[in-house]
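Here is the structure we will look at.
The values are calculated or read from the model by the stated rules, or taken from the named source; none is laboratory data. If you're wondering where the values come from, they're calculated on a predicted model, not measured in any experiment. Don't worry about glycine lacking a Cβ; one is built from the backbone with ideal geometry, like all the others, and counts go over all protein chains shown.
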Amino acid sequence: MGAKLSGSGGGRDSVEAMSEINVTPFVDVMLVLLIIFMVAAPMAAVTVEVALPPATAKPSTNPPKPVYISIQPGGSIYLGDSKTDLADLGDDLRTNIGKRNPEKERIFIRADKNVLYGDFMGVMNMLQDNGFYSVALIGLEE
């Protein structure tokens, strides 16, 4: 903030605050940045000319709906929203994924923190026995 002295007395009553903003330093900085970007922009451009072939890839389809298996503390197993048991889990999964390849299908497992390790491993073993090898475990982010 600048001050304007009125008169030659220099007393305390003669000091007034200037309400104008000095933009000169701001303009100087902006001009320097403009010059830097004008010099740097041509250096970032690719100067090697290449005749690119046309892209012939087919557009990708939407990814399939994810498959979720939920395990509750009592050992109850759910495939999506429907309850199932460990013996029928493989058949229910094959019905759920349809014609897709089970080896490439990703299965998401949600298990309660109080689930017994044996119940969890039973589901994991059943998935491997039925050819489902891509498994993702879901947890809460903190």
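Identify the residue in the stretch 98-136 that is of a type in the set (A, V, I, L, M) and over 26 Å from the mean Cα position of the chain (by Cα) and, among all such residues, is surrounded by the fewest Cβ atoms within 10 Å (Cβ to Cβ).
From the stretch 98-136, those of a type in the set (A, V, I, L, M) are 107, 109, 111, 115-116, 121, 123-124, 126-127, 135-136; that's our starting set.
Applying the additional criterion that residues be over 26 Å from the mean Cα position of the chain (by Cα) yields 115-116, 121, 123-124, 126-127.
Numbers: VAL115: 18, LEU116: 13, MET121: 10, VAL123: 21, MET124: 16, MET126: 18, LEU127: 20.
Per the stated criteria, the residue is MET121.
Can you tell me which residue in the stretch 5-51 is surrounded by the fewest Cβ atoms within 10 Å (Cβ to Cβ), limited to those that are in a helix (DSSP H, G or I) and modelled with pLDDT under 75?
So in the stretch 5-51, the residues in a helix (DSSP H, G or I) come out as 12-14, 24-44.
The next check asks that each one be modelled with pLDDT under 75; those that pass are 12-14.
Values: ARG12: 6, ASP13: 8, SER14: 13.
For the stretch 5-51, the residue satisfying everything is ARG12.
Please verify whether the stretch 52-64 includes one or more residues that are of a type in the set (A, V, I, L, M, F, W, C), without any contact (Cβ under 8 Å) to a residue 40 or more places away in the chain and part of a strand (DSSP E or B).
Within the stretch 52-64, the subset of a type in the set (A, V, I, L, M, F, W, C) is 52, 55, 57.
In the following step, the residues that additionally are without any contact (Cβ under 8 Å) to a residue 40 or more places away in the chain were identified as 52, 55, 57.
Restricting the remaining residues to those that are part of a strand (DSSP E or B) gives none.
Within the stretch 52-64, none of the residues are of a type in the set (A, V, I, L, M, F, W, C), without any contact (Cβ under 8 Å) to a residue 40 or more places away in the chain and part of a strand (DSSP E or B).
Out of the stretch 119-128, which residues are out of contact with any Gly (no Cβ under 9 Å at 6 or more places or on another chain) and not aliphatic (A, V, I, L, M)?
Correct list: PHE120, ASN125, GLN128.
Being over 12 Å from MET126 (Cβ atoms), more than 28 Å from the chain's Cα centre (by Cα) and either among the hydrophobic types (A, V, I, L, M, F, W, C) or loosely packed, with under 14 Cβ neighbours inside 10 Å (or both) is the filter here, so list the residues in the stretch 74-97 that pass it.
GLY74, SER82, LYS83, THR95
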